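Read the structure below first, then the notes.
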Amino acid sequence: MEWQPAVGTDLKAILDGGGIACTYGVQQAEIGATVSWVADKDGLFSSRISEWMAQGYEEVELPAVNADRVFVISEKAMNAREIHSWSANLLVKGNWIQVSASYIYKNTEASQLVNAAIASLRS
């Protein structure tokens, strides 16, 4: 099925920038993850920072993750949402990677999924 993102969303910016997005989940367990990748052409990553900050993201370092910059949804903002979904935006080697997962609750739980998304850049 083709993605049909709303105007102004990260997904729209990623796909319009020539990126890709992949979602996988276990419907019965109501869990899943979405990972998106796009080359950071013309400062695409930086152009989204003010919107992320307005949504409650904060710049952090993720444990055991090597990235140039990382913005993660804050615990306060995540608790304010009606639907739980951990989310991060990373700048890695000139690429914007966005990772979201409904089964991650703390930054310390995210390294395996995030590192897999980063490692896929070499594929």
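The values are calculated or read from the model by the stated rules, or taken from the named source; none is laboratory data. All of these numbers come straight from a predicted model, not from anything done at the bench. In this analysis, Cβ positions are derived from the backbone assuming ideal geometry, glycine residues included, and neighbour counts consider all displayed protein chains.
Would you confirm, using the coordinates I've provided, whether Thr34 is modelled with pLDDT of 90 or more and surrounded by fewer than 18 Cβ atoms within 10 Å (Cβ to Cβ)? Here the answer is yes, as Thr34 does meet what is asked.
When the range 94-112 is limited to residues that are surrounded by 13 or more Cβ atoms within 10 Å (Cβ to Cβ) and under 27 Å from Asp42 (Cα atoms), the one that is farthest from the chain's Cα centre (by Cα) turns out to be Asn95. Of the helices (runs of 4 or more DSSP H) lying entirely inside the range 38-123, the ones with 2 or more residues being free of Cβ contacts under 8 Å to residues at least 60 places away in the same chain, more than 16 Å from Asp10 (Cα to Cα) and not aromatic (Phe, Trp, Tyr) are found at 75-80, 111-119. Scanning the range 91-108 for residues that are modelled with pLDDT of 95 or more and touching an Asp or Glu at 6+ places or on another chain (Cβ under 8 Å) gives Leu91, Val92, Gly94, Asn95, Trp96, Gln98.
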